[in-house]
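The values are calculated or read from the model by the stated rules, or taken from the named source; none is laboratory data. Predicted model only: the values in this text are computed from it and were never measured. Positions of Cβ are backbone-derived with ideal geometry, glycine not excepted, and every protein chain shown enters the neighbour counts. Accessible surface is based on the protein model in full, side chains and every heavy atom, while ligands, DNA and RNA are left aside. Shrake-Rupley method; radii C 1.70, N 1.55, O 1.52, S 1.80 Å.
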Amino acid sequence: AKMAARRRRAAAAPPQTPDAKAPRSSSAGHLPRPYRPRLALLLPPLLAVRLYGALASPITDCDEAFNYWEPLHYLLYGRGLQTWEYSPVFGLRSYAYLAMHAAFARLASSVLRSKVSVFLAVRCALGCTSAVLEARLAARTCAWASGEAGVALWALLLSSAGMWHAAVALLPSSFAMLCVLAAWTAWMDASLPALPAGSPPADRSVRKAYGAAIFWVAAGCLLGWPFLCVLAAPLAIDAVVALGLRRFVARALLAGALLAAPSAAVDGYYYGRFVLPWLNLLLYNRSAASGEGSQLYGVEPWHFYLRNLCLNLNLALPALLLAPLLLLAGRLVPAAAGEPPPRPGRAAVLLSGGYLWLAFYSAIPHKEERFLFPAYPLFLLAAALAASEARRVA
């Protein structure tokens, strides 16, 4: 009876074709899952490198020592040298930027008795903040582009000489770089869903992501480096297209009000009058066209930054320069299973601020290495995407 039952079941079962076979338990019958490392895996190496940089890297810019560490010492201990930029006659530097760091330094000084220990604690805090923001950008790149591109960006951030110095420097350009890391991570969040071009997004999370990106750009401009608006111009245009002009202006004005009011109050207290340092800095550098302003401190040829990036980006520089062509070529190759389809147009918008920044500062006669700090993350992101596309195309 058992044998007859087995024969009946075998006869009732449809014959299996090669395409209808059940998947095996081994991985051979399944599509490979794309590798996307978690934030917890990306963060520890970055933290280790940034903390070591805070303890070991030298101060490479005289402005950092005299325009920021000296005034910070004054805020903490009541003594410190004053440069001409902090004179009420010029008012080019913001005490609000220093006040953010003074709050942490005062807390550290209540525990640490040595001034050297407080100095190192501030640098360690800067390095840790940068490491967290770098890891978030690398993790978001894994979802936005591919796991391979995200890991490539992570490796470049770890090994970049430019990031080694910029991440722990007490400079407005370094603060602007941190704001770029946060803003571009939020911008990638807003770019993940496929939205109709030119129509305001219906998803509240997308509007929130654009709002966060706008806030961080405003923070970088008002509290850090006002020229950051050049680098962020593509983000602003994209936000206007996605949100609509009215919503964009509303969010920009809200961010400006939240940041400008306390900043003006702090600067007014220390300067003894109403001062807008970011505006004074823009007006002062405008005089460079007449041979004054920043040109008084030296001029360099247009290729100065390209030569500088040979050191600070090293092998990533050729990838940065070839990124537009490689991203365009990558459009011809289909994406791997589980990965987003290639979006060279979207990537070009995302990366264009870095190229705009490089062209803008290469055209200015006075050049300093720290002026490139805000664009380092975008340079390395372009190099990582280019390397990933080059491997796919090959």
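List of remarks:
- Of note, ASN314 does not satisfy the criterion of being buried (at least 16 other Cβ atoms within 10 Å of the Cβ), among the polar types (S, T, N, Q) and touching a residue at least 40 places away in the same chain (Cβ under 8 Å).
- Residue in segment 171-189 that is farther than 30 Å from HIS101 by Cβ, outside any loop (DSSP other than H, G, I, E, B) and modelled with pLDDT of 90 or more present: no
- The set of residues from segment 148-158 being under 10 Å from LEU46 (Cα atoms) and surrounded by fewer than 24 Cβ atoms within 10 Å (Cβ to Cβ) comprises ALA155, LEU158.
- Here the condition is being open to solvent by less than 10 Å² (accessible area, probe 1.4 Å), in contact (Cβ under 8 Å) with a residue 24 or more places away in the chain and touching an Asp or Glu at 6+ places or on another chain (Cβ under 6 Å); of ALA255, ALA169, ALA219, it holds for ALA169 alone.
- In segment 135-143 there is at least one residue that is open to solvent by 40 Å² or more (accessible area, probe 1.4 Å), part of a helix (DSSP H, G or I) and at pLDDT below 95.
- Subset tally (residues that are part of a helix (DSSP H, G or I) and more than 16 Å from LEU351 (Cα to Cα)) for segment 214-252: 22
- Taken over segment 238-252, residues that are open to solvent by 10 Å² or more (accessible area, probe 1.4 Å), closer than 19 Å to SER352 by Cα and in contact (Cβ under 8 Å) with a residue 12 or more places away in the chain amount to 3.
- Check on LEU92, part of a helix (DSSP H, G or I) and either modelled with pLDDT of 95 or more or under 21 Å from SER173 (Cα atoms) (or both): no
- Hits in segment 359-394 - residues which are open to solvent by 20 Å² or more (accessible area, probe 1.4 Å), free of Cβ contacts under 8 Å to residues at least 60 places away in the same chain and either touching a Phe, Trp or Tyr at 6+ places or on another chain (Cβ under 8 Å) or in a helix (DSSP H, G or I) (or both): ALA359
- For segment 53-108, the set of residues classified as among the polar types (S, T, N, Q), more than 14 Å from TYR270 (Cα to Cα) and open to solvent by 20 Å² or more (accessible area, probe 1.4 Å) consists of THR60, THR83, listed by residue number.
- Residue match in segment 97-118 (condition: assigned to a helix (DSSP H, G or I), of a type in the set (Val, Ile, Thr) and under 30 Å from PRO37 (Cα atoms)): no
- Boolean, LEU235 is in contact with a Pro (Cβ under 9 Å, 6 or more places away or on another chain) and open to solvent by less than 20 Å² (accessible area, probe 1.4 Å): no
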